[in-house]
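The values are calculated or read from the model by the stated rules, or taken from the named source; none is laboratory data. Model, not experiment: these values are computed from the prediction. Don't worry about glycine lacking a Cβ; one is built from the backbone with ideal geometry, like all the others, and counts go over all protein chains shown. Heads up: the accessible areas ignore ligands, DNA and RNA and are worked out on the full protein's heavy atoms, side chains in. Shrake-Rupley method; radii C 1.70, N 1.55, O 1.52, S 1.80 Å.
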Amino acid sequence: LAQQRILIKGGKVVNDDLSVVADVYVEDGVVQQVGPNLNPEPLTGLVVLDATNKLVIPGGIDTHTHMQFPFMGSTSKDDFYTGTKAAIAGGTTMIIDFAIPQKGCSLIEAFDTWKNWADPKVCCDYALHVAVTWWSSKVKEEMKSLVQNKGVNSFKMFMAYKDLYMVNDEELYEAFSCCKELGAVAQVHAENGELIAQGAKKMLAMGITGPEGHELCRPEEVEAEATQRAITIANAVNCPLYVVHVMSKSAARVISNARREGKVVYGEPIAASLGTDGTNYWSKDWAHAAAYVMGPPLRPDPSTPGFLMNLLANDDLSVTGTDNCTFDICQKALGRDDFTKIPNGVNGVEDRMSVIWEKGVYSGKMDENRFVAVTSTNAAKIFNLYPKKGKIAVGSDADIVIWDPKATRTISAKTHHQANNFNIFEGMVCHGVPVVTVSRGKVVYEGGAFNVTAGEGKYVSRPPFPPYVYERVRQREQVCQPVAVKRAPYTDVVLGISVTPK
């Protein structure tokens, strides 16, 4: 990577805790100075970026992507090259993807497979969550090895996709216990897979084969019930829990209530659930309706996005991802006669930052500092990347975006860089646009033009026991253990009941 010496002049540096007008000097891929009127020497070879009247923010961290994911009879359109290139255009400088083994298969082999796919292609930094799709002593040993040797500190368990990825409550208990022991963050896809399977049969038997059947067989309560169950199981073993793609008001309320009860749980709404809704499933145009199919589904209650944004603004929900898993209309057509065969997934990796600015900051629901927290800093803290990522400060990685809060752009499949022939945010006008993206100390996107090469991004190892998550967990482990009551032994009569065999 040809790193540059960069001086960003005249902008307002926005971190999650403070905004200040300052220059930023970058060298060797790292922030070297932050302050007023910087004049680094020598001037030769110095790239100067004018950020006057603009914001200088940490690059976004997308906590949830699925690039080139083999799923439901197809493979998602965005690979690690087009996906990370699109991310950069949208102001995201790091993604965390998922290595997902089949049941009975090795977690380490899945990790190696995904890493081998990603390394030659990524245009920005990335990390990998690993899914636990079955349970055995081998899985436990492999989780330990991934944490100690591969820089993995998060594992995802599916409560849905019966017979494919779904684990039962006993397996959840074991996996959560292992995560806690290893200092990893346990993640769940929270839906009741058994109810979904029964609901799908019911819908098809009623002749409902279109995309609306997808939402009808996995209604809000199916998500809320699983969310509550996951939180209960995690709390039983004192394991921190991260609920991916929060899609409904009821599931969000469950998380909010748990946080207010002091439980260590984090909720991740995504660009789709914050920027659009499930009324699209009832479109007369099959292709339009199918475009929005994802799991859990978008909700037909049109007040859901605003409700989720309010909770995100007020720290009831914590971070934002996208679940970027793009399938084009021809791929979606695998389920033209049966909604259960429509590949689940939507776009978002390029649109997330602008959608959240539009629906969050421009609407007046959150300020610029909270925007940085939910698009970058909180993710960096939860997954132990902070302060190298998620912050603009001396010593931090030079993943920086110059953001123009006054500029607008209209989202469209005609102009986006995601490898898909539709966009679920088609026509949305967004105030707030990334005009320059710096990744690993190099200007990779400026004024609509790219300067990227496949493989320039790097895999980022994440140490276990992130302090932001585990300080409370460790303290509770010390002071909140149950204690037996000391009492004199019982010495009176014990009455037994004799049972006469028949």
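With respect to the conditions (1) open to solvent by 80 Å² or more (accessible area, probe 1.4 Å); (2) at pLDDT 95 or above, residue 422 falls short on a single one, namely (1). Among the strands (runs of 3 or more DSSP E) confined to region 38-127, the ones with at least 3 residues that are under 23 Å from residue 142 (Cβ atoms) are located at 60-65, 92-99. Every condition in (1) touching a Gly at 6+ places or on another chain (Cβ under 8 Å); (2) part of a strand (DSSP E or B); (3) open to solvent by less than 10 Å² (accessible area, probe 1.4 Å) holds for residue 380 except the one numbered (2).
In this structure, residue 406 does satisfy being modelled with pLDDT of 95 or more, exposed (fewer than 15 other Cβ atoms within 10 Å of the Cβ) and among the charged types (D, E, K, R). For residue 476, the conditions (1) open to solvent by 20 Å² or more (accessible area, probe 1.4 Å); (2) modelled with pLDDT of 95 or more all hold with the exception of (2).
Within region 10-18, does at least one residue satisfy the condition of being open to solvent by 40 Å² or more (accessible area, probe 1.4 Å), aliphatic (A, V, I, L, M), outside any strand (DSSP E or B) and over 20 Å from residue 60 (Cα atoms)? There is no residue in region 10-18 that is open to solvent by 40 Å² or more (accessible area, probe 1.4 Å), aliphatic (A, V, I, L, M), outside any strand (DSSP E or B) and over 20 Å from residue 60 (Cα atoms). Residues that are open to solvent by less than 50 Å² (accessible area, probe 1.4 Å) and either under 22 Å from the mean Cα position of the chain (by Cα) or without any contact (Cβ under 8 Å) to a residue 24 or more places away in the chain (or both) within region 429-447 comprise 430, 432, 433, 434, 437, 438, 439, listed in sequence order. The listed residues are 370, 336, and the only one of them that is open to solvent by 20 Å² or more (accessible area, probe 1.4 Å) and touching a Phe, Trp or Tyr at 6+ places or on another chain (Cβ under 8 Å) turns out to be 336. Checked against the criteria, residue 21 counts as in contact with a strand residue (DSSP E or B) (Cβ under 6 Å, 6 or more places away or on another chain), open to solvent by 10 Å² or more (accessible area, probe 1.4 Å), at negative phi and free of Cβ contacts under 8 Å to residues at least 40 places away in the same chain. May I ask you to list the residues in region 120-142 that are over 20 Å from the mean Cα position of the chain (by Cα) and either surrounded by 15 or more Cβ atoms within 10 Å (Cβ to Cβ) or free of Cβ contacts under 8 Å to residues at least 40 places away in the same chain (or both)? The answer is 121, 134, 135, 136, 137, 138, 139, 140, 141, 142. Among the residues making up region 302-319, a single one is assigned to a helix (DSSP H, G or I) and either closer than 15 Å to residue 242 by Cβ or modelled with pLDDT under 95 (or both): 312.
Any residue in region 65-87 that is under 30 Å from residue 129 (Cβ atoms), among the acidic types (Asp, Glu) and open to solvent by 10 Å² or more (accessible area, probe 1.4 Å)? The answer is yes, given that some residue of region 65-87 is under 30 Å from residue 129 (Cβ atoms), among the acidic types (Asp, Glu) and open to solvent by 10 Å² or more (accessible area, probe 1.4 Å).
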